[in-house]
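Heads up: the structure comes next, in structure tokens.
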Amino acid sequence: MSQGIRVPGVVLAALLILGGCTTAEPPVAAPEKPNFVVVFADDLGYGDLGTFGHPVFRTPNLDQLAAEGQKWTQFYVAANVCTPSRAALLTGRYPIRSGMTSSVRGVLFPDSGGGLPADEITIAEALADAGYISGAFGKWHLGHLPQYLPTRQGFATYWGIPYSNDMDKVPGSPDYRAEARANARWQADPADYNVPILHDEEEIERPADQYTITRRYTERAIEFIRANRDHPFFVYLAHSMVHIPLFASKDFDGRNASRYADAIEEVDWSVGQIVATLKELGLEERTLVVFTSDNGPWLVFDTHGGTAGPLRGGKGETWEGGQREPTVVWGPGIVSPGVVRGMGSTLDLLPTFCALAGVEPPSDRALDGYDLSPVLRGEGESPRNEMMYYQGVEIFAARVGPFKAHWTTFTNYRGENPVPRDPPLLFNLEEDPSEKYDVAARHPEVIDQIAEHVEAHKKTVEPVPDQLAIPLEP
Ligand code: MG
């Protein structure tokens, strides 16, 4: 087993000077072909982890990993709702490029006939060139028809609910929003959401027993890790929680004041189980674990939704709360510990994993990600300096450096009644991460620069079929 390259202290000091390293911790020499585990929560807010400041929720495992690894305070997903965000993570491309964001629908539904096109290259497919085996566990939401399932996108196996856990709602069942607003501990009946569990491409359970869903996703992922302990692997563990309807298994149910807190505590437990397994198998020095969420908190569900902490807005919005996610990166053989205040994105995972695995990322298409592996090792600043905030197929806002310009704003999660802004709103997110104080009048030239950046980005986008607009064939 590779232990990485040992470098004598004097040589290391010279490398530090040559590399222009700016952090206190020495760089880490990464192992060859490390394993990758991505734990992707659903609708978790920026402020929902203890380590990100939540005063009530219990997330001891993630808090510990953040202390031992890196906490990224400006880490973004590439869309403010599930389907496009997931497409972006797995392909390293804004979902506008794959047709996985739409002008007519926010996400895929059980009556959708589209999905992530087969010619998109996922992390699993990119890593296969370096001899990796990949498993997907949990929520997929990139197409539930066989031709779109994980097994057709580079994953050797899949086990999970293929779309959101609130879909296939039984007509006449209780209105979740009304019930949730009245009671933080209101419990939905899993039978009211007739969602399936698929194993590979076969339906094995319906309706899914959602009480145990977090535990069972975790067990399947651990089983995969054990089976592939002698082989480089990529695990994509995409929890259905903490998306409504909220559920927790017996060990967590009722431990907290709110059902949301129970569900998040079990997701935290899941991460702890994964890490304990890696340690038991002696894989902790050669595995990178990334924890983040697909979009911000679903605020319309009151206490059944989370909080974006100091950030404005939440899920389905182009304010920071929609796309900035609480992100923890852990891997003692790879990651130099610390708080990273530079920008990062799920778009960057594909090129970063490729770099760490020693394989070239796809070169025949536009990629929107950066290789963050030097930052993980403690060798300098993040190369990411910009982020687009799409609402469907439109760019409502963009960030370059510390500044974010909004050309259109709205305050409800579906983007209804958008307000055009002319001049655009401008916020300095380093001074004002809460987007409270418009500084457009002071920096008109900055708005022009961001607009140029957006135009340059748009020129690289080629028209493709809208996958979310394709109906299911009868
Ligand atoms: Mg989501």
**Study point:** Table column - 3J(HN,Hα) (Hz), the stretch 176-186, Karplus curve with 6.51, -1.76, 1.60, x for Gly and Pro
**Key:** 4, 5, 5, 5, 5, 5, 7, 7, 5, 10, 4
Revision key, fill the gap. Of the convex hull enclosing the alpha-carbon atoms of the stretch 34-118, the direction-averaged projected area in nm² is 7.9 nm²
Review point. By how many nm would the segment from ARG255 to ALA456 grow when fully extended, if each residue of separation counts as 0.36 nm and the alpha-carbon distance is taken off?
Key: 67.3 nm
Check your understanding: By average Cβ neighbour count within 10 Å, what is the ranking of 317-328, 367-378 from highest down?
Key -> 317-328, 367-378
Point to revise | Ellipticity estimate at 222 nm from DSSP helix runs (n ≥ 4, -39,500 (n - 2.57)) divided over the chain, nearest 500 | key: -7000 deg cm²/dmol
Exercise for review: Provide the FRET efficiency to the nearest 0.05 for the ASP230-VAL170 pair, computing r from the beta carbons and using R0 = 51 Å.
Suggested key: 0.65
**Study point:** Most positive-pole-ward Cα, THR151, ALA248, LEU347, against dipole of the chain from beta carbon charges
**Key:** ALA248
Study note, to complete from the structure: Within the chain, the percent of DSSP beta bridges that are antiparallel, given to the nearest 5, stands at 55 percent
Practice item. Evaluate the distance, in nm, between pseudo-label points positioned 7 Å from the Cα of GLU223 and of ASN194 along their respective Cα→Cβ axes. Key: 2.7 nm
Study note, to complete from the structure: Note: the chain at 4 °C, 1.567 mPa s; Kirkwood Rh on alpha carbon pairs; Stokes-Einstein D in µm²/s works out to 58 µm²/s
**Study point:** q = 0.14, 0.15, 0.20 Å⁻¹: log10 I(q)/I(0) that the Debye formula gives for the stretch 70-139, counting C-alpha atoms only
**Key:** -0.51, -0.58, -0.94
Review point. To the nearest 20 debye, what charge dipole does the chain have about its Cα centre, counting +1 at the Cβ of each Lys and Arg and -1 at the Cβ of each Asp and Glu?
Key: 560 debye
Study note, to complete from the structure: The ratio Rg/Rh over the Cα atoms of the stretch 347-460, Rh being the Kirkwood inverse mean 1/r radius, stands at 1.03
Practice item. Using the Karplus curve 6.51 cos²θ - 1.76 cosθ + 1.60 with θ = phi - 60°, work out ³J(HN,Hα) for each residue of the stretch 320-327 in order, rounded to whole Hz, and write x for Gly and Pro. Key: 4, x, x, 10, 8, 10, x, 10
Practice item. Can you list which of the trypsin sites (Lys or Arg not before Pro) found in the stretch 420-474 are DSSP loop residues with at most 10 other C-beta atoms within 10 Å? Key: LYS436
Review point. LYS279 label point, 7 Å along Cα→Cβ, cut-off 20 Å on backbone N: hits in the stretch 241-269?
Key: 265-269
Exercise for review: Provide the per-residue ³J(HN,Hα) series for the stretch 37-48, in order, calculated from phi with Karplus coefficients 6.51, -1.76, 1.60 and θ = phi - 60°, each as a whole number of Hz, with x at glycine and proline positions.
Suggested key: 10, 10, 9, 10, 7, 10, 6, 8, x, 4, x, 8
**Study point:** Per-peptide average of other Cβ atoms within 10 Å, ordering 115-121, 460-466, 216-222 highest first
**Key:** 216-222, 115-121, 460-466
Check your understanding: How would you order 42-49, 197-204 from highest to lowest mean count of nearby Cβ atoms within 10 Å?
Key -> 42-49, 197-204
Check your understanding: Long-range amide H contacts for SER293: which residues qualify at under 5 Å (H placed 1.01 Å from N, peptide plane, sequence gap of 5 or more or a different chain)?
Key -> ALA41
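Values in this text are rule-based calculations from the coordinates and carry no lab data. Given the structure is predicted, the values throughout are model-derived calculations rather than measurements. Neighbour counts are summed over all protein chains in view; Cβ atoms, including those assigned to glycine, are modelled from backbone coordinates with ideal geometry.
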